[in-house]
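Just below is one structure, and these are the notes that go with it.
None of the figures in this text is laboratory data; all of them are computed from the coordinates on show. A quick note: this is a predicted structure, and the numbers were derived from the prediction, not measured. For neighbour counting, all protein chains shown are included, and Cβ atoms are generated from backbone atoms with ideal geometry for every residue, glycine included.
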Amino acid sequence: MICIEEPSPMQTWIRKAKNSQKTIALVPTMGFLHEGHTSLLQKGRTLADRLVLSIFVNPLQFGPGEDLERYPKNREKDLEIAQSCGVDAVFFPDEKAMYPKGFQTTVSVDKLSGPLCGLQRPGHFQGVATVVLKLFHIIQPDFAIFGEKDFQQLKIIQRLVQDLNISTKIVAMPIVREEDGLAKSSRNQYLSMEEREAALSISLSLVKAQAMVDRGEKKIEPLLPMVQATMEETKKIRVEYIQIVDPETLESQQTFLKRPALLAIACHIGKTRLIDNCLL
Ligand code: AMP
């Protein structure tokens, strides 16, 4: 496994692989790897001849007051995990390598970036789309694997690829959860024991909503208050949004549930912001 820190040698490595007719899969991450990430890496390993993992905590997608400075890092452990997943190359650039002095070009996927997380994190998805487009240009992957945990991000990348005629195939992978239901996230490590306990009510509320739908609930109205009440029961959770949206347009569904529907949640527990979702 090779570890590369600058775009130019990364491009050289890619050119060599492409010249010998190798296909490439990319898994973009911000590091502090967990089983959610390894499920993407394992998928990537099955899809292509060469597997590239990128690790970059992208400052462009963090707003003022967010957790850019304290975002968890563990380079050694990440490299160990990458190796065990059969990664061929880790692209590990720093901020200077990705955004050299004078950088000013960005890309945005307008409508899809507006709702849900876009409301409280203006500029976030522009940062995501820009870094992913840069990674696609540097690595030219045949496949790129993303998790449904960040459902809005996945939809934005799918749109970006379609709109800009990028030939990378976007592969979506299901949310990996802890045994007790909490969606795996690098940010879970911020949680105290009590906060971790409270966080369980997020996935619990999704399960309860799914059960209501399975029992025949067809209206939006009883679902959202139930989810809110389940989460707020712990008193430790501050809800940012609970929304039922069309999974393609991300437009809010009104009155009646049209399936498929995405139930998406963002909330704050102490200083930690967590998201989760499920397709009802
Ligand atoms: P991150 O490092 O948090 O930016 O995530 C990198 C990629 O891993 C994104 O495509 C995420 O959607 C995906 N991912 C993060 N957590 C999970 C999870 N629990 N299950 C599946 N995919 C995940």
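The table below lists the values:
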quantity	calculated
Helix 75-84 vs. the chain, principal-axis angle (Cα, 0 to 90°, nearest 10)	80 degrees
Label point distance in nm, Thr255-Glu179, each placed 7 Å from Cα along Cα→Cβ	4.7 nm
Summed residue charge, Cβ within 12 Å of Arg75's Cβ, Lys/Arg positive, Asp/Glu negative	-3
Three-way shape label, the stretch 107-231, alpha-carbon gyration tensor, a/c 1.5	prolate
Neighbour cut-off at most 14 other Cβ (10 Å), DSSP loop, GluC sites (Glu not before Pro), the stretch 68-127	Glu69
Per residue Cα convex hull volume in Å³ - calculated over the stretch 48-117	166 Å³
Residue-averaged 222 nm ellipticity for the chain, from DSSP H runs of 4+ at -39500 (n - 2.57), nearest 500	-11500 deg cm²/dmol
Virtual spin-label span in nm between Ala172 and Lys235, 7 Å along Cα→Cβ	3.9 nm
Sparse-neighbourhood loop sites, GluC sites (Glu not before Pro) in the stretch 173-280 - DSSP loop, at most 10 other Cβ within 10 angstrom	Glu179
Low-density loop cleavage sites - trypsin sites (Lys or Arg not before Pro) in the stretch 1-70, where at most 11 other Cβ are within 10 Å (DSSP)	Arg70
Which of Ser39, Ser8 has the fewest Cβ neighbours within 10 Å, and the rest in rising order	Ser8, Ser39
Cα-only radius of gyration and Dmax that characterise the chain, units Å	19.2, 58
Sequence-distant lysines (8 or more away, or on other chains) whose Cα lies within less than 23 Å of Lys77	Lys43, Lys149, Lys184
In degrees, nearest ten, helix 124-139 long axis to first principal axis of the chain (Cα)	30 degrees
Antiparallel bridge percentage (DSSP; both residues within the chain; nearest 5)	50 percent
Inter-label distance, nm, simple model (7 Å from Cα along the C-beta direction), Lys16/Ser192	5.1 nm
On Cα atoms only, tilt of 151-163 relative to the major axis of the chain in degrees	50 degrees
